[in-house]
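Student: Starting off with a structure, shown below.
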Amino acid sequence: MMGTQELNKLWKTYQLKVTYEIAKTPEVLICNGSAIGTLGNFSASTGKAKSKKTLNVSAILAAALTNGEILRYIAEFLDDKRTILYFDTEQSPHHYQRVMKRALQLAEQPLDSHPKNLIFSQLRALTPEIRLELIDNAIANTPNVGLVIIDGIRDLMFDINITSVK
């Protein structure tokens, strides 16, 4: 645990001022003219059960696979940020593979070979703690990652009612 002085020093290093010159983060996912994803930041797709969230994510994935436009989603990833990590925590392997096939069909890519820049992981059988560790490790150790999709991010927690971490 850090002391007050250490925390204050660390806090000061992370403060920003309006006068600082900060480069704009590249917009890599766009829908209907609005940026929905920027490199290095988090975005979330939320909705009620059965509201077609997975179809929405499949279209984003297809756009990222082609680095083009699919169903009004436009992906513009840099050449060195084209690796896609997709983690599913909810569905069975069969349903998970159907999602993958749907994305490939939307991207007009063959179903008889796996895209080199796409890494799918089905994590339903693992505990939330191991899922989180595995995802963190994969992001840190996979070169050229431009997009990380976690379908079922809620399943990375044991209890959604916990409000603090010890």
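The values are calculated or read from the model by the stated rules, or taken from the named source; none is laboratory data. On a predicted model such as this, the values are computed, not experimentally measured, just so you know. Positions of Cβ are backbone-derived with ideal geometry, glycine not excepted, and every protein chain shown enters the neighbour counts. Just so you know, the surface numbers come from the protein's heavy atoms only, side chains and all, with ligands and any DNA or RNA stripped out. Shrake-Rupley method; radii C 1.70, N 1.55, O 1.52, S 1.80 Å.
Student: Can you give the direction-averaged projected area of the convex hull of the alpha-carbon atoms in the chain, in nm²?
Tutor: Mean projected area of the Cα convex hull: 12.9 nm².
Student: If you don't mind, another one. So how much slack lies between ILE153 and ARG72, counting 0.36 nm per residue of separation and subtracting their Cα-Cα distance, in nm?
Tutor: Stretched fully, the ILE153-ARG72 segment lengthens by 26.7 nm.
Student: Going by average Cβ neighbours within 10 Å, how do the peptides 80-86, 29-35 rank, with the highest at the top?
Tutor: 80-86, 29-35
Student: Here's another thing I want to ask about it. Round to the nearest 10 and give me the degree value, 0 to 90, for the angle of helix 128-141's Cα axis relative to the longest principal axis of the chain.
Tutor: Here the helix axis deviates by roughly 90 degrees.
Student: Where is the GNM fluctuation largest for the chain (alpha-carbon springs, 10 angstrom cutoff): SER58, SER121, SER45?
Tutor: Taking springs between Cα atoms under 10 Å, the residue moving most is SER45.
Student: Over region 1-155, what is the percentage of antiparallel beta bridges among all DSSP beta bridges, to the nearest 5?
Tutor: 45
Student: OK, next. Have a look at GLU108, GLU133, GLU21 and tell me which one the Gaussian network model of the chain (Cα, springs below 10 Å) gives the largest fluctuation.
Tutor: Largest GNM mean-square fluctuation: GLU21.
Student: Using Cα atoms only, what is the angle between the long axis of helix 93-106 and the major principal axis of the chain, expressed in degrees (0 to 90) to the nearest 10?
Tutor: The angle comes out near 80 degrees.
Student: Evaluate the relative contact order of the chain (contact order divided by residue number), counting alpha-carbon pairs under 8 angstrom at least 6 apart; express in whole percent.
Tutor: RCO, the chain: 21 percent.
Student: Another question about this same structure. Using +1 on the beta carbon of Lys and Arg, -1 on that of Asp and Glu, and nothing else charged, what's the dipole of the chain about the Cα centre, debye to 20?
Tutor: 420
Student: Another question, if that's okay. Sketch the reach of a paramagnetic label on THR46 as a point 7 Å from Cα along Cα-to-Cβ, and name the residues of region 130-148 whose backbone nitrogen lies under 18 Å away.
Tutor: Answer for this model: none.
Student: Which trypsin sites (Lys or Arg not before Pro) does region 31-80 hold that lie in a coil by DSSP with at most 12 other beta carbons within 10 Å?
Tutor: Qualifying residues, ordered by number: LYS48, LYS50, LYS52, ARG72.
Student: Continuing with this model, one more query. First compute the accessible area of the chain with a 1.4 Å probe, then give the percent of it belonging to carbon and sulfur atoms.
Tutor: Carbon-and-sulfur percentage of accessible area, whole number: 54.
Student: Could you check how many percent of all C-alpha pairs in region 107-155 are farther apart than 18 Å?
Tutor: Tail of the P(r) past 18 Å holds 40 percent of the pairs.
Student: GLN91 to ALA138: FRET efficiency via 1/(1 + (r/R0)^6), r the Cβ-Cβ distance, R0 22 Å, to the nearest 0.05?
Tutor: That gives a FRET efficiency of 0.75.
Student: Using only Cα atoms, tell me the angle between helix 4-13 and the longest principal axis of the chain; keep it within 0 to 90° and round to the nearest 10.
Tutor: Once rounded, the angle reads 60 degrees.
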